[in-house]
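I have placed the structure first, in the form of structure tokens, so that the comments after it can refer back to it.
Only the coordinates and a few stated rules stand behind these numbers; no lab work does. Source: prediction; values computed, not measured. Here the Cβ positions follow ideal geometry from the backbone for every residue, glycine too, while neighbour counts run over all protein chains shown.
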Amino acid sequence: MSQPIISRIAPTPSGFLHLGNAFNFLLTALLVDSLDGYLHLRIDDLDGARVETSSVEDIFVQLEWLGIDYDSGPSGPDELFKKYSQKLRREKYSAALEIFRNSGNLFACECSRSEIRKLSPDGNYPGTCRLKELDLLQANRSWRFHVPEQTFVSFKTFSEKVEKINVTQAMGDFVIKRRDGLPAYQLTSIMDDLELGVNLVVRGNDLRNSTAAQLFLAQSLNDKVFPKTRFVHHQLIKDNSGKKLSKSSGAFSLKKLREKHQSAVWIYQETAKSLKLPFQHIRSLDDLKEVFRGVVKNNEGLEIMLDQGK
Ligand SMILES: [Zn+2]
């Protein structure tokens, strides 16, 4: 591959990180390492109401515990707030929102979450305000992007297979500016990835629809680079009852696991197990990297390993 691989890990500081986050970070770091790529740390801290100082600190503590080295990004909370915070990029997000507003593809929406849920069991927007022509500039309204019928985006998987997603079905008319005035996750995520030049995104299967929305936004901005990005949508780590882990999954928080195991070797082994790699001899992150590099080099079952979560 001629272009260097650029990826990122992107935690949100809205609670303590858990085993699922560790798996995502490690897989991203392993892929980047095996391809001699470049890794950013991007912290999604725009939503002030949800960001807790303890969760910001937790990110740095756990990354250090896991031994994950990144090439650029904040080295701690202070540097995050001074140099890297999404709050410092508000103007960029606003500029993008203006471009979309002027494109005529947005409409204002005054529906509450519960109103939407009542009308739409799958959670997709039922189109209630699409034709109301509500004023976009009035407060307390979200901005939705109108996604026309049969809108498709395609992307490349890690092994360069092309996958197609129907954005209309996956997302419907999605929010790019929230009722409280903040740019929505789909917008900030794609703007940040574009700025960082990301060309490999590693995320859980639960974010497959977000991939569709973000590719659609990149296309709408006439961006020619992001559509070349490769995506790995990996399986999610489940708790003992088979549910996906959340920020409140106490026993699986890295903080708790660290108290219990002290060394992160247990997590390296669990990661290897999840990836169907031999794990018994793994005693360090370097061991895990070596096993992983071997698989990438020989391309042995890498596709199956990465796509198994579908
Ligand atoms: Zn509405």
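Sites listed here are GluC sites (Glu not before Pro) in region 149-251 whose DSSP assignment is loop and whose Cβ has at most 12 other Cβ atoms within 10 Å: E149, E160. Each Cα pair of region 198-274 feeds into the Kirkwood radius, which the Stokes-Einstein equation turns, at 4 °C and 1.567 mPa s, into a diffusion coefficient of 86 µm²/s.
Could you give me D for region 141-233, from Stokes-Einstein at 10 °C and 1.306 mPa s, where the hydrodynamic radius is the Kirkwood radius over C-alpha pairs? Units µm² s⁻¹, please. Present the calculation step by step, with values, prior to reporting the outcome.
Details: Rh = 13.4 Å.
For the chosen part, D equals 118 µm²/s.
The H on the amide N of F158, modeled in the peptide plane, is under 5 Å from the matching H of F231, each at least 5 residues off or on a different chain. Here is the short version for the chain: C111 have no other Cys C-beta closer than 4.7 Å. For region 125-189, the alpha-carbon radius of gyration amounts to 1.35 times the rule-of-thumb value 2.2 N^0.38 Å expected for a compact globular protein. What the phi angles of region 226-240 give under the Karplus curve with 6.51, -1.76 and 1.60, with θ = phi - 60°, is a coupling list of 4, x, 8, 5, 9, 10, 10, 9, 9, 5, 9, 7, 9, 7, 5 Hz, glycine and proline written as x. Sorted largest first, the principal axis extents computed over the alpha-carbon atoms of region 1-99 equal 37, 34, 22 Å. Here the contact order of the chain, divided by its residue count and restricted to Cα pairs under 8 Å and six or more residues apart, works out to 20 percent. Cα to Cα, under 22 Å, and not fewer than 8 places away if on the same chain: which lysines meet these conditions relative to K224? Correct list for K224: K92, K156, K161, K164. List the residues of region 1-41 whose backbone N lies under 17 Å from a point placed 7 Å from the Cα of W266 along the Cα-to-Cβ direction. Backbone N within reach: 17-23. A full extension of the chain between Q150 and E290 corresponds to an added length of 46.0 nm, given 0.36 nm per residue minus the alpha carbon distance.
Is the shape of the chain best called rounded, prolate or oblate, per the rule: a/c under 1.5 gives rounded, else a/b larger than b/c gives prolate, else oblate, with a ≥ b ≥ c the square roots of the Cα gyration tensor eigenvalues?
Numbers: a/c = 1.77, a/b = 1.55, b/c = 1.14.
Cα axes put the chain in the prolate bin.
Peptide packing for 25-33, 151-159, 171-179 was compared via the average number of neighbouring C-beta atoms within 10 Å per residue; ordered from the highest value, the list is 25-33, 171-179, 151-159.
For region 124-141, the Karplus equation 6.51 cos²θ - 1.76 cosθ + 1.60, evaluated at θ = phi - 60°, returns couplings of 6, 5, x, x, 3, 9, 4, 9, 6, 6, 5, 5, 5, 8, 7, 5, 6, 10 Hz by residue, with Gly and Pro reported as x. In this structure the amide hydrogen of F152, modeled in the peptide plane, comes within under 5 Å of the amide hydrogens of V167, none closer than 5 places in sequence on its chain.
Treating only the Cβ atoms of Lys and Arg (+1) and Asp and Glu (-1) as charged, compute the dipole magnitude of region 74-189 about its Cα centre; round to the nearest 20 debye. Walk me through the numbers on the way to the answer.
On the way: 20 positive and 14 negative charges, 45 e Å.
Result for region 74-189 is approximately 220 debye, rounded to the nearest 20.
Bridges between two residues of region 114-262, per DSSP, are antiparallel at a rate of about 55%. Per-residue 3J(HN,Hα) values for region 85-97, derived from phi via the Karplus relation 6.51 cos²θ - 1.76 cosθ + 1.60 with θ = phi - 60°, read 4, 5, 4, 7, 10, 3, 5, 5, 5, 4, 4, 5, 4 Hz in sequence order (x marks Gly and Pro).
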